[in-house]
1. Being over 18 Å from residue 271 (Cα atoms), modelled with pLDDT of 85 or more, in contact with a helix residue (DSSP H, G or I) (Cβ under 8 Å, 6 or more places away or on another chain) and surrounded by 11 or more Cβ atoms within 10 Å (Cβ to Cβ): is that true of residue 175 here?
2. Here is a list: 340, 286. Which entry is within 14 Å of residue 227 (Cβ to Cβ) and either assigned to a helix (DSSP H, G or I) or of a type in the set (Lys, Arg) (or both)?
3. Out of curiosity, is residue 342 more than 37 Å from the chain's Cα centre (by Cα), open to solvent by 40 Å² or more (accessible area, probe 1.4 Å) and either within 19 Å of residue 272 (Cα to Cα) or modelled with pLDDT of 95 or more (or both)?
4. State which residue is farthest from the chain's Cα centre (by Cα) when the search covers only region 73-116 and only residues that are closer than 13 Å to residue 47 by Cβ and among the β-branched types (Val, Ile, Thr).
5. Take region 1-35 and flag every residue that is of a type outside the set (Val, Ile, Thr), farther than 28 Å from residue 167 by Cα and either at pLDDT 80 or above or open to solvent by less than 50 Å² (accessible area, probe 1.4 Å) (or both).
6. Could you grab the pairs with beta carbons closer than 6 Å, sequence gap of 6+ or different chains, first residue in region 104-116 and under 8 Å from residue 92 (Cβ atoms), second one open to solvent by 50 Å² or more (accessible area, probe 1.4 Å)?
7. What number of residues within region 122-159 satisfy the criterion of being within 34 Å of the chain's Cα centre (by Cα), free of Cβ contacts under 8 Å to residues at least 12 places away in the same chain, within 20 Å of residue 91 (Cα to Cα) and open to solvent by 50 Å² or more (accessible area, probe 1.4 Å)?
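The values are calculated or read from the model by the stated rules, or taken from the named source; none is laboratory data. Everything quoted here is computed from the prediction, not taken from an experiment. A quick note on method: Cβ atoms are made from the backbone with ideal geometry, for glycine too, and the neighbour counts reach across all protein chains shown. We work out accessible area using only protein heavy atoms, side chains counted, and drop any ligands, DNA or RNA first. Shrake-Rupley method; radii C 1.70, N 1.55, O 1.52, S 1.80 Å.
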Amino acid sequence: MLLDIIINFCILFTFAILTYIPFQNKLNLFIPSTKYHPFILGILSGLTGCILMLTAIAVSEHVIVDGRMAVISLSAVLGGPIATFISATIIGIFRMFLYDFSIDSLIAGGNTIVIGIIISLFIRNKPIELRIRYVPYYFAYSVIQASLVICLLNNWSFTSYLAVFGFVIYSIVSFSIVFIILKQLNNLFNKIRQIEEMSVTDYLTELNNNRKFQEYAQNLLNTNDRFSLILLDIDHFKKVNDTYGHPIGDEVLKELGLRLKGASNFWGGIVSRNGGEEFSVLLPNATVESSLEAAEIIRQAIEKSPFHVSTGDNLHITVSGGISSYPENGDKVNELYKLADDALYIAKSSGRKKVIHILQT
């Protein structure tokens, strides 16, 4: 019996891992469109439940112990109501015909389907965060209802109580182990995701850093669609740091990042902080003319209202900009960046508070 229990639990554990990691996109694995996930998860859960019943532990003539209730509960978390209904239906029908079809098997299978329907109704329209929070409750409900049916099928005999005891203990232990491991995995993957985000995010402004900028720019080149690159630099930023201190300078940089995102959003601009007081905006599908128009609007949006800092001062901040465009000015990221930087230098050296396209030089 112990070997049967181990085998049954291993099947349950394998199902949990192989559905949790791919379908929650924890390792960026290719899975079909998310609209099919509930159906795929429901079918996989149902088939797993059938396998669990084939390797179940018989505790009486009418009762078998396995992890099917855990499978239904996990399908509710990972796939939502559709997955729950599909899995419970497959498991319930299989239970009806697992042995000789009888009133007892009909009741046992029908009970599984009813459990799936009720859980599906309970989790309808609930996000995955709430489904995770409540999963112990609807798992407990499924175990209690299944236990009552076990007692009913055994005429509330002493044997039925022993069967229920074995069923409840195995269900709780197996589900708890799997659930705890999945929560630990979730915490681990969340930490990995945070580290990945930190590696491509500027620590101060929370914009893309230069590494992420390079990635976005290369992706735009790979699509072979036109785009423009705007480089922006704060005018006389050294004076801000010297006069008010670097903490105030950091406040200016953070506020500038917010304004750049807001001002460039209309064009789908991808904003990055490339270093120091230098920022960039990638404008997909922007021509030379439209990039000049966008850059001027962005520049004016920064200039038109003062920056309120923690000292109570209102700082008048302006920026200069340089622009290059693909395919007119090159087909490599570093080439486009250098030309935009050259245009930025000309803008700054010719009076600042302006934007210049490299084709204007």
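1. Working: over 18 Å from residue 271 (Cα atoms): yes; modelled with pLDDT of 85 or more: yes; in contact with a helix residue (DSSP H, G or I) (Cβ under 8 Å, 6 or more places away or on another chain): yes; surrounded by 11 or more Cβ atoms within 10 Å (Cβ to Cβ): yes.
So residue 175 fits the description; yes.
2. Working: 286 fails: either assigned to a helix (DSSP H, G or I) or of a type in the set (Lys, Arg) (or both).
Just one listed residue meets the conditions, 340.
3. On the way: more than 37 Å from the chain's Cα centre (by Cα): yes; open to solvent by 40 Å² or more (accessible area, probe 1.4 Å): yes; either within 19 Å of residue 272 (Cα to Cα) or modelled with pLDDT of 95 or more (or both): yes.
Yes; evaluated as a whole, the condition is true for this residue.
4. 93
5. 22, 23, 24, 26, listed by residue number.
6. Hits for this filter: 116/85.
7. Matching residues across region 122-159 total 1.
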